[in-house]
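Report on one structure; see the data block that follows.
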Amino acid sequence: MALSMRLSRGGSKKRPYYRIVVADGRAPRDGKFIEKIGTYNPLLAKDSPERVKLDGERAKYWLSVGAQPTDRVARFLDAAGVKERAARNNPNKAVPGEKAKERAEERAEKAKAAAEAAAAPAEEAAEA
């Protein structure tokens, strides 16, 4: 059985509230879980101690048994000092895609052609 530590959504519409749970990886997001190890309330301020509540002892136990945390839960565990999370770096994140590069080249060519066309009549008028 593949265990995962993940968020299970609760709360009403547009007012999310999450439980940090250990569940079978095949179970539905909000379905059956093995144990609740904490809560997360994204509506509270980021510096509020009530925003993330986590039972560190149980989290360590489930990690030792082989539970895999999701990215968000891994951030919480890192902030709580339970598990070290490697920083990610994506240097290509801000680089535009191929189609965006093609569109930029087309715009540059059109602007260059328009500038040449505007300069040509001005030169002819100056010669006359």
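Tabulated data
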quantity	calculated
Among the residues listed as 46, 14, 60, the single one being on the phi > 0 side of the Ramachandran plot and basic (Lys, Arg)	14
Checking residue 3 against (1) open to solvent by 40 Å² or more (accessible area, probe 1.4 Å); (2) of a type in the set (A, V, I, L, M); (3) out of contact with any Ser or Thr (no Cβ under 8 Å at 6 or more places or on another chain), the condition it does not meet	(1)
All positions within segment 33-46 that are more than 13 Å from residue 58 (Cα to Cα), modelled with pLDDT of 95 or more and of a type outside the set (A, V, I, L, M, F, W, C)	39, 40, 41, 42
Test: residue in segment 82-94 that is surrounded by 14 or more Cβ atoms within 10 Å (Cβ to Cβ) and within 14 Å of residue 19 (Cβ to Cβ)	no
Residue in segment 13-22 that is among the aromatic types (Phe, Trp, Tyr) and open to solvent by less than 70 Å² (accessible area, probe 1.4 Å) present	yes
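Yes or no, residue by residue, for (1) open to solvent by 60 Å² or more (accessible area, probe 1.4 Å); (2) hydrophobic (A, V, I, L, M, F, W, C); (3) under 20 Å from residue 9 (Cβ atoms):
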| residue | (1), (2), (3) |
| --- | --- |
| 25 | no, no, yes |
| 34 | yes, yes, yes |
| 52 | no, yes, yes |
| 76 | no, yes, yes |
| 98 | yes, no, no |
| 101 | yes, no, no |
| 116 | yes, no, no |
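The values are calculated or read from the model by the stated rules, or taken from the named source; none is laboratory data. This is a predicted model, so every value here is computed, not measured. Ideal geometry is used to build each Cβ from the backbone, glycine not excepted, and the neighbour counts take in all protein chains shown. Remember, those area values only see protein heavy atoms, side chains included, never the ligands or the DNA or RNA. Shrake-Rupley method; radii C 1.70, N 1.55, O 1.52, S 1.80 Å.
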